[in-house]
Structures are given as structure tokens and as C-alpha cells.
Amino acid sequence: MRLEKITSQELKRLIALKSNKLSFDEVTEDDLDRITELVLNSKSFNGEDTGITLDMIALFPSLEDIRLIGFEVDKAVMEILAGQQG
């Protein structure tokens, strides 16, 4: 299951928010399929690492728009992004 691969508390919070759920525990695989837009930040407001890695992009097959903040994008990430194109 894709949900089990998500360990970042920040990403869990974002997914719950995007899915209109009160908690990540309520999120389903179908909810991941419906997410079309994400803003991912490598650092939280207090400067701590969020634990979000860019390979997690592959968990969202319907992404249309993504904003990356504080990440180094290498060839592997570019391939993941290219694979997301319809």
C-alpha cells in the first residue's frame, strides 16, 4: 500500500488537508489518486527537516501541479516527474 510508505508527519498532514480529512488515519488510497496539486517543502517553519523525499512524488499518479521548496532536483527526480506526465 502506498499509504504505508508515507512516514513524514508533515506529508501526512498535507495529504489529510488536501483530502479534506481531519486525520491521516482517515485517508484512503483513492484520496491519493485524487490529489492533483502539492507544495512540498524540505524544511518546516522552525527549520527542521520535514522528512519528505522527492521519490514520494510517485505516490500521487494524478499530480498536475507541484511546487518544490528547498529540494535539490537531480536526474532521478526529473525522471519521476517525467513519468507522472499523462
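Just to be sure before I move on: is K12 over 18 Å from M1 (Cα atoms) and open to solvent by 40 Å² or more (accessible area, probe 1.4 Å) in the structure I sent? Taking the combined requirement at face value, the residue does not satisfy it. Any residue at all in the range 27-38 that's hydroxyl-bearing (S, T, Y), over 22 Å from E4 (Cβ atoms) and surrounded by fewer than 16 Cβ atoms within 10 Å (Cβ to Cβ)? Yes, that holds for at least one residue. Of the residues that make up the range 36-43, is at least one out of contact with any strand residue (DSSP E or B) (no Cβ under 8 Å at 6 or more places or on another chain) and either farther than 19 Å from Q9 by Cβ or modelled with pLDDT under 95 (or both)? No - not one qualifying residue is present in the range 36-43.
State yes or no: is S62 open to solvent by 40 Å² or more (accessible area, probe 1.4 Å) and in contact (Cβ under 8 Å) with a residue 24 or more places away in the chain? Here the answer is yes, as S62 does meet what is asked.
Between L81, L68, the distinction of being surrounded by 13 or more Cβ atoms within 10 Å (Cβ to Cβ), in contact with a strand residue (DSSP E or B) (Cβ under 7 Å, 6 or more places away or on another chain) and not in a loop (DSSP other than H, G, I, E, B) belongs to L68 only.
A quick yes/no check of all residues on (1) over 11 Å from the mean Cα position of the chain (by Cα); (2) closer than 18 Å to L81 by Cα; (3) assigned to a loop (DSSP other than H, G, I, E, B):
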site	(1), (2), (3)
M1	yes, no, yes
K12	no, no, no
I15	no, no, no
K21	yes, no, yes
D33	yes, yes, no
L40	no, yes, no
F45	yes, no, yes
M56	no, yes, no
S62	yes, yes, yes
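The values are calculated or read from the model by the stated rules, or taken from the named source; none is laboratory data. Since the model is a prediction, treat every value here as computed from it, not as a measurement. When we count neighbours, we look across all protein chains shown, and the Cβ atoms used for this are built from the backbone with ideal geometry, even at glycine. In case anyone asks, the SASA skips ligands and DNA or RNA and just uses the protein heavy atoms, side chains included. Shrake-Rupley method; radii C 1.70, N 1.55, O 1.52, S 1.80 Å.
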